[in-house]
Amino acid sequence: MKLAIAGKGGVGKTTLAGVLARLLAKGGYKVITIDADPAMNLSSVLGIDQETASKIIPISENYDLIEERTGARPGSSGSVFSLTPSVHDIAEKYGVLGPDNTRLIIMGTVKSGGSGCMCPANSLLRALLRHILINRKDAVIMDMEAGLEHLGRGTVKGVDAILSVVEPRVQSIETANRISKLARDIGVNSIFTIGNKVKNEEEKNFLYDTLNKINLPIIGVIPYDEAIAKSDMLRVSPIDFAPNSPAIKAIDAIKEILMKYYT
Ligand SMILES: Nc1ncnc2c1ncn2[C@@H]1O[C@H](COP(=O)(O)OP(=O)(O)OP(=O)(O)O)[C@@H](O)[C@H]1O
Ligand SMILES: [Mg+2]
């Protein structure tokens, strides 16, 4: 099961990614989570303590690793670097182990020249993603940006589905529509929409009606849940803070649906 989670800013991508990863891991899966969002806050939703999290070096900033694997140090202009760096051990060596044996890899962003640049850091990131998505058996949950920047043609083959998170708001649905077009353009055909922060029946109906009209299948709805908001303020994982809260139960139901598709 290789899933990429996307959606407009603040809709709940990281919350869904972290909770889903923990639930899958509790169910016996080996889970690799990938933080591909520059905001990098998946660690706290996963339940990795702040001190450990503060020491994680994103792959894109680990110049020694990039140089060791690609043969060139970022910023050294004109140097030749490998497009097929060895990456098979990076998840184990540089991924941080979290609760329930979830593993977190923080990709980081490539600052110079935009995300499309072909530079040593990008070469390593791409090879790593391709390896994790295509060669490894682990369940993979990627926390992305709305732009799907990291999903190039080489990596997208390994993604089973994009989970597109929407709030019952027009802007959020427009972003979901754009994401689904982008996803199809790069060759992902399975796009599942998930409603989040839904406060009442009216909001739920609004989501189902609007999404149906634009042919975006919705596979579940997560209610607005004070316990999630509170866990965020306390910087603890929602699943440790309130394992039986309505939002966690809703995410568990979504997990069951996904497992029917992908196991
Ligand atoms: N179902 C929910 N009920 C209440 N609060 C929620 C719910 N889902 C997410 N939140 C809260 O909404 C905020 C944004 O959530 P989150 O960080 O998961 O969104 P995101 O899409 O990853 O945001 P960003 O685009 O900034 O990365 C957080 O404070 C989170 O605790
Ligand atoms: Mg996020």
remark   = Exactly one of Glu167, Glu226 is closer than 21 Å to Asn41 by Cα, within 12 Å of ligand 1 (Cβ to nearest atom), exposed (fewer than 15 other Cβ atoms within 10 Å of the Cβ) and modelled with pLDDT of 95 or more, and that one is Glu226
task = Collect the residues in region 26-59 that are buried (at least 22 other Cβ atoms within 10 Å of the Cβ), assigned to a helix (DSSP H, G or I) and more than 16 Å from ligand 1 (Cβ to nearest atom), keeping them in residue-number order.
result = Ile59
task = Kindly provide the set of residues from region 23-52 that are within 27 Å of Asn135 (Cβ to Cβ) and within 16 Å of ligand 2 (Cβ to nearest atom), ordered by number.
result = Thr33, Ile34, Asp35, Ala36, Asp37, Pro38, Met40, Leu42, Ser43, Val45, Leu46, Ile48
key: Check on Ile214, touching a residue at least 40 places away in the same chain (Cβ under 8 Å) and within 15 Å of ligand 1 (Cβ to nearest atom)   = no
note = Taking region 169-182 and keeping only residues that are free of Cβ contacts under 8 Å to residues at least 60 places away in the same chain and touching a strand residue (DSSP E or B) at 6+ places or on another chain (Cβ under 6 Å), one is left with Ile173, Ser180
key: Answer from Ile179, Ile194, Ile173 - the residue that is crowded, with 20+ Cβ neighbours inside 10 Å, modelled with pLDDT under 95 and within 16 Å of ligand 1 (Cβ to nearest atom)   = Ile179
Scope region 61-77; condition in contact (Cβ under 8 Å) with a residue 40 or more places away in the chain and of a type in the set (D, E, K, R); matching residues = Glu61, Glu67, Arg69, Arg73
key: Odd one out for Val19 among (1) touching a helix residue (DSSP H, G or I) at 6+ places or on another chain (Cβ under 6 Å); (2) more than 14 Å from Ile141 (Cβ to Cβ); (3) within 16 Å of ligand 1 (Cβ to nearest atom); (4) in contact (Cβ under 8 Å) with a residue 40 or more places away in the chain   = (2)
task = Scan Ile257, Ile228, Ile248 and give me the residue that is over 30 Å from Glu51 (Cβ atoms) and either among the small types (Gly, Ala, Ser) or in a helix (DSSP H, G or I) (or both).
result = Ile257
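Quick grid of which residues meet (1) out of contact with any Gly (no Cβ under 6 Å at 6 or more places or on another chain); (2) in a loop (DSSP other than H, G, I, E, B):
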{"residue": "Val159", "(1), (2)": "yes, yes"}
{"residue": "Ile162", "(1), (2)": "yes, no"}
{"residue": "Val165", "(1), (2)": "no, no"}
{"residue": "Gln171", "(1), (2)": "yes, no"}
{"residue": "Thr175", "(1), (2)": "yes, no"}
{"residue": "Ile179", "(1), (2)": "yes, no"}
{"residue": "Val188", "(1), (2)": "yes, yes"}
{"residue": "Thr193", "(1), (2)": "yes, no"}
remark   = When every residue in region 197-207 that is in contact (Cβ under 8 Å) with a residue 12 or more places away in the chain and surrounded by fewer than 17 Cβ atoms within 10 Å (Cβ to Cβ) is compared, the one farthest from Met1 (Cα to Cα) is Lys199
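The values are calculated or read from the model by the stated rules, or taken from the named source; none is laboratory data. Given the structure is predicted, the values throughout are model-derived calculations rather than measurements. Neighbour counts are summed over all protein chains in view; Cβ atoms, including those assigned to glycine, are modelled from backbone coordinates with ideal geometry.
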